[in-house]
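Derivation of every value follows stated rules applied to the coordinates shown; laboratory data play no part. Fair warning: this is a prediction, and the values are worked out from it, not measured in the lab. Here the Cβ is made from the backbone with ideal geometry for all residues, glycine too, and neighbour counts use every protein chain on show.
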Amino acid sequence: MSAVVSIDDGVKRKGDVALPSRAAPSHPSGLTIRQSAWRSTRWIVLVSAIASAGCYAYVPTTASRPAVGTELQLTLTDSGTVVLSPFVGPSVGLVAGRLVGDSADAYLLNVTRTDRRDGNEMDWRGERVVVPRALVSGVAMRKFSPGRTLLFGGLSTGALVAIAEAFAGGGGATTPGGTPTGPPTGR
């Protein structure tokens with residue numbers, strides 16, 4: 001009866017006959033090349049999915065009554081900037097947020113951002129603000145942009161694949177004690 005014995009030198013022996021080890025090729029990280037490739041593929045898919053989640057743009061609207069729940073940007077008139085300064089801050093020229101109510105006289109927004117006329121932006125946490133229609137010079141709605149999404153998703157995926165391919169090589173020596181350019185040298 002013959003027994004298979006594993007020795008630390010990486011060679012399996014059966015009786016007196018040496019059998020080469022059938023271990024999968026290894027990546028420098030200690031993972032097999034298949035495991036390393038799967039890990040890279042998962043990262044590419046994850047980042048591509050996030051990048052493709054969607055690009056949006058604010059588009060001027062001609063709708064007199066946008067639907068409740070719509071993301072809006074309201075551009076204020078000069079008098080609107082002055083009248084609303086106690087509620088949204090000084091010199092605010094644009095108020096952005098989700099429309100929660102609409103009447104013939106005013107918009108009711110859960111404000112997410114205000115832009116000052118000097119270019120500074122201020123993030124908000126959904127505080128409700130009433131903006132009279134007479135103080136608004138322009139209304140823009142947030143719309144999905146398929147062209148931007150495809151372009152950004154495609155460029156991101158291409159860059160990630162290129163990076164993964166650049167780092168996917170095994171690199172280094174493939175035999176114990178060897179050099180990257182050839183077999184071990186005797187010393």
Quiz item: Using the Cα gyration tensor of the stretch 56-144, with a ≥ b ≥ c the square roots of its eigenvalues, what is the shape: rounded (a/c below 1.5), prolate (a/b larger than b/c) or oblate (neither)?
Solution: rounded
Exercise. Give the long-range amide H neighbours of Trp124: residues separated by 5 or more places, or on another chain, with amide H under 5 Å away, using H modelled in the peptide plane at 1.01 Å from N.
Key: Arg113, Thr114
Quiz item: Karplus couplings for the stretch 55-70 from phi (6.51 cos²θ - 1.76 cosθ + 1.60, θ = phi - 60°), rounded to Hz, Gly and Pro as x?
Solution: 10, 10, 9, 8, 10, x, 10, 9, 5, 6, 10, x, 5, 4, x, 6
Quiz item: Once you charge only the Cβ atoms, +1 for Lys and Arg and -1 for Asp and Glu, what is the size of the charge dipole of the stretch 56-144 about its Cα centre, to the nearest 20 debye?
Solution: 200 debye
Quiz item: What spacing in nm lies between the two simple spin-label points modelled at Val59 and Phe167, each 7 Å away from Cα in the Cβ direction?
Solution: 3.8 nm
Practice problem: Could you list which residues have their amide H under 5 Å from that of Gly93, counting only those 5 or more apart in sequence or on another chain, with H placed in the peptide plane? | Solution: Asp115, Arg116, Arg117
Quiz prompt | Whole-Hz couplings from phi, Karplus 6.51/-1.76/1.60, listed for the stretch 72-85; x for Gly and Pro | solution = 10, 10, 9, 8, 8, 6, 4, 5, x, 4, 6, 5, 8, 4
